[in-house]
Amino acid sequence: MSIQPLTNAHLAGSDGATWRVACEQGEVALTCITPAIVRVAFTPTAAPPHLTWAIVPAVADLPTPAVAVTEMAASLVLRTAALVITVAWGERLGLAITRADGSPLSSDAPAGGLGYSDDGQPTWTTTLAAGERVSGGGQRTGPLDQRGRALTLWSTDPLPPHSPEQTDAMYQSASFFVMQRDGQAHGVFYDAAYHSTLDIGHAVPDVLRFTTSGPDLVAYVCAGPRLGDVLRQYTTLTGRMPPVPRWSLGNQQSRWSYMSDAEVRAVAARFRQERIPCDAIYLDIDYMAGYRDFTFDPQRFPDPAGMIADLRAQGFRVVPIIDPGVKIDPDYAVYQEGMARGYFVTNPDGSVFEGWVWPGRSVWADFASAEVRAWWADQHRGLIEMGVGGIWDDMNEPSQAGMSAPPEVTVPFGATLPLDCVHQSTEHGAISHAAFHNAYGHEMVRATRAALEAARPDERAFVLTRAAQAGTQRYAAVWNGDNTSMWPHVRQAITMNLNLGLAGFPITGIDIGGFWGDTTPELLVRFTQVGAFLPFCRNHSSKGTAQQEPWVFGEPYTSIIRDVLALRYRLLPLLVTLAHEAATTGAPLMRPLAWLAPADAASVACDDQFLLGDDLLIAPVLTAGATERVVVLPPGTWFAWETDATHVGGQTLTVPVTLATVPLFVRAGAIIPLAGAAQHTGAITTEPLTLAVFLAEPEQSAHAIIWDDDDHPQAAQRGTYAEYAATATWDGDAITVRLAQTGGVLAPRYPGVAVALHLPAGYAAAPDGPTTGDPHALPLTWRYTVTRAQP
């Protein structure tokens, strides 16, 4: 893995924010973005301006951090409050980045560093420390720790089934990686629009090598040192998700396809009949007239606005799919307008590129153009006026499909547009599809979100996308795409979504039950027991497979699925709080155990469990016919959710399981807010908000911040929210629980507030007064007298 190094380097100058080191091959620029983030840019001589769709414009307005500079004859040292960057030159340019305390972040591998690969591509080769773990990178098969793999960073519609052995690149390619070692974490974001690769100790075990086919190389190093710090730093660069609508945190149902108005209504009615909570029903491509975007088939969906309104009255949103491929049809207005205005992707000779997707011969909207994005956004007007709840953007890697092609035409699975196709970028001029490919879906959902926000400025927009790149979290939620009804994909749902969360995507999920293939009763239950705790919860399956709605297999499976989805709705106050945290800090809702216990080796290595927030540990059953589940408990004391049994952490625990079991544990010192049962998130509740308080021993305290708002996009800015601080203290034989509103003016959502104390075996707590308080009379205090049974 030798490289062609950068040679004859010398300091070329500085403007006080960026230090430029010239070399024979071009220039290396070092910019301290914040005290904890440094930008490293290698720009070869005559390279065009750097292309990025990931970095938010606000980065340019960040205040320049204080930097102490030490210049020597053959080196330069830059020191911020959090970082030390050392660049040295002689025969070759060398770069080392550490934290201010000297702990290493990035150092050149032997005969490595910045330079060119053997085939002339910009590359950066650094060392991997012993035991260093590498996660993130967008959507990935395989384990949470990607060390030992060589990854392709290229949005792709991969051939099923998605397995670590055959599947590399997938739908969501985000070149941000989190490194963990010695109980600390840091991040590296390779801001590359072009096809790139990252070899994580695959070719050489202790070497990390990033290579891009683009003309330059730009990377950002984030100092951490905790995982939460790393995600906050990274999303300072690429943006954070906007506040999500409350309904999008509920259960959702889809299929390719519900073929008619009558079928959609029947599915909705069955959910309510079975008392299975659900907030949304999705319409896949067959709702359209001949797969033409923005249309409904007039025979099968004669009154879509009426259907949408009727379902909305029952608590369901309707979310239709939209694809970027536009049917070639001279009588189709979208095609006519796009052709007349020159809004479609072209070949190098200027002719419009034509390919194949569901409608047959098709053209693709050019989302690199702001004018095209505005036009595309306007096409959604009819759907929005009908009352759709959100938009689902699909096939936007972009991917072609040959199902409608004639026999003599072969379209390989997952084929994209030719790399020499031309896009007309508003910011960058004419660029190739090779440059824009990874950003294609990103800019499509940017247009979709703009459509919803413009039409409904007082409502939160919801967009779901299959393709994404770094930064897409600021426009859309993602899911794992077309998984398969097989047991390995139940486990892979955990690792894949943990990696996505660490790559900056807080709202992620799976096709519960599996998209391809026929599921089984047990498999559907276990898929649902994972999906019910993921940020995005949706059952979806393919045409030609057996139906897999929650009731199809009858009892006991229907009741088991109902119960776990009902628990999701009870956890809605927690999900809403975590979604607000994600929107303000970049923290994922779903977190690896290392988030809580970065110095515990077993927790760091564990990737078949996850945390919801910091306090709720989920260890789903992942194998067929299981009668027990081995659970890793991080250090501390943990309560079993079902039994209140306490367990000392820092060990593994073998838990007996049945089909209905989802092993859940709560960290001692936690307060979990719980709502009452509901059929949808907008249901008027008559049950109190319950503060589930978990205290393991005298003198322990517990606390939680709880967020609620009115679902307005600007709730935080308008003050139409309520932030609560809940605390509990165990002092001798007394426990005191308090709830106070610490921000906002939102009226209470719940008619009362109750406390549920969870204590170790042998302790009992008697309330000194009423156990339910009036949320209009905050602050509230509850006192309990604790007794202990004689041994």
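The values are calculated or read from the model by the stated rules, or taken from the named source; none is laboratory data. As the structure is a computational prediction, the values presented were derived from the model and not from experiment. Cβ atoms come from the backbone with ideal geometry, glycine included; neighbour counts cover every protein chain shown. The area values use the complete protein model at the heavy-atom level, side chains included, leaving out ligands, DNA and RNA. Shrake-Rupley method; radii C 1.70, N 1.55, O 1.52, S 1.80 Å.
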Looking at region 50-69, can you tell me whether even one residue there is farther than 30 Å from Asp229 by Cα, touching a strand residue (DSSP E or B) at 6+ places or on another chain (Cβ under 8 Å) and either modelled with pLDDT of 95 or more or part of a strand (DSSP E or B) (or both)? no
Tell me whether region 420-427 contains one or more residues that are modelled with pLDDT under 95 and within 13 Å of Phe367 (Cα to Cα). yes
Counting only residues that are in contact (Cβ under 8 Å) with a residue 40 or more places away in the chain and closer than 17 Å to Ile494 by Cα, give me the strands (runs of 3 or more DSSP E) lying completely in region 601-656 with at least 3 of them. 616-618
Does at least one position in region 51-62 carry a residue that is out of contact with any Pro (no Cβ under 9 Å at 6 or more places or on another chain), without any contact (Cβ under 8 Å) to a residue 12 or more places away in the chain and farther than 23 Å from Cys222 by Cβ? no
Could you give me the residue pairs with C-beta distances under 6 Å whose first residue belongs to region 74-87 and is farther than 16 Å from Pro63 by Cβ and of a type outside the set (A, V, I, L, M, F, W, C), whose second residue is open to solvent by 30 Å² or more (accessible area, probe 1.4 Å) and part of a strand (DSSP E or B) wherever it lies, and which are 6+ apart or on separate chains? Ser75/Ala88; Arg79/Ala68; Thr86/Ala96
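Can you tell me which residue within region 573-587, out of those that are touching a Lys or Arg at 6+ places or on another chain (Cβ under 6 Å) and not β-branched (Val, Ile, Thr), is nearest to Gly471 (Cα to Cα)?
The selected residue is Gly586.
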With region 318-392 as the region, which helices (runs of 4 or more DSSP H) entirely inside it contain at least 3 residues that are of a type in the set (D, E, K, R)? 370-379
Region 724-756, subset among the β-branched types (Val, Ile, Thr) and more than 13 Å from Pro779 (Cβ to Cβ), residue surrounded by the fewest Cβ atoms within 10 Å (Cβ to Cβ): Val745
Given the conditions (1) at pLDDT 95 or above; (2) over 22 Å from Ala696 (Cβ atoms); (3) β-branched (Val, Ile, Thr), which single one is not true for Val648? (2)
Taking the options Arg341, Arg317, name whichever one is out of contact with any Leu (no Cβ under 7 Å at 6 or more places or on another chain), open to solvent by 10 Å² or more (accessible area, probe 1.4 Å) and under 22 Å from Glu549 (Cβ atoms). Arg317
Consider Gln714 carefully, then state whether it is without any contact (Cβ under 8 Å) to a residue 12 or more places away in the chain and either in contact with a Pro (Cβ under 7 Å, 6 or more places away or on another chain) or open to solvent by 30 Å² or more (accessible area, probe 1.4 Å) (or both). yes
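Identify, please: which residue in region 82-95 is at pLDDT 95 or above and assigned to a loop (DSSP other than H, G, I, E, B) and is, among those, surrounded by the fewest Cβ atoms within 10 Å (Cβ to Cβ)? Break it down into steps so the answer makes sense when it comes.
Looking only at region 82-95, we keep the residues that are at pLDDT 95 or above, and these are 82-88, 93-95.
Of the ones still in play, those that are also assigned to a loop (DSSP other than H, G, I, E, B) are 82, 93.
Working: Ala82: 21, Leu93: 25.
Among residues in region 82-95 that are at pLDDT 95 or above and assigned to a loop (DSSP other than H, G, I, E, B), the one surrounded by the fewest Cβ atoms within 10 Å (Cβ to Cβ) is Ala82.
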Among the listed residues Phe177, Phe189, identify the single one that is of a type in the set (Phe, Trp, Tyr), out of contact with any helix residue (DSSP H, G or I) (no Cβ under 7 Å at 6 or more places or on another chain) and in a strand (DSSP E or B). Phe177
Residues located in region 170-189, provided they are surrounded by fewer than 24 Cβ atoms within 10 Å (Cβ to Cβ) and without any contact (Cβ under 8 Å) to a residue 60 or more places away in the chain: Arg181
For region 96-114, check the following and say yes or no: at least one residue is open to solvent by 20 Å² or more (accessible area, probe 1.4 Å), on the phi < 0 side of the Ramachandran plot, among the acidic types (Asp, Glu) and touching a residue at least 60 places away in the same chain (Cβ under 8 Å). no
Subset of region 146-169, residues buried (at least 19 other Cβ atoms within 10 Å of the Cβ), of a type in the set (A, V, I, L, M, F, W, C) and touching a Phe, Trp or Tyr at 6+ places or on another chain (Cβ under 7 Å), comes to Ala169
Could you tell me which numbered condition Thr685 fails, if it satisfies all but one of (1) closer than 24 Å to Phe536 by Cβ; (2) at pLDDT 95 or above? (2)
In region 202-223, what count of residues is obtained for those that are among the small types (Gly, Ala, Ser) and open to solvent by 10 Å² or more (accessible area, probe 1.4 Å)? 2
Which of the residues belonging to region 118-145 are open to solvent by 10 Å² or more (accessible area, probe 1.4 Å), of a type in the set (S, T, N, Q) and over 21 Å from Ala36 (Cα atoms)? Gln121
Pairs where the first residue, in region 559-583, is under 21 Å from Ile671 (Cβ atoms) and open to solvent by less than 20 Å² (accessible area, probe 1.4 Å) and the second is of a type in the set (A, V, I, L, M, F, W, C) and part of a helix (DSSP H, G or I), C-beta under 8 Å, 6+ apart: Arg568/Leu575; Leu572/Leu249; Leu575/Leu249; Val576/Leu249; Ala579/Leu249
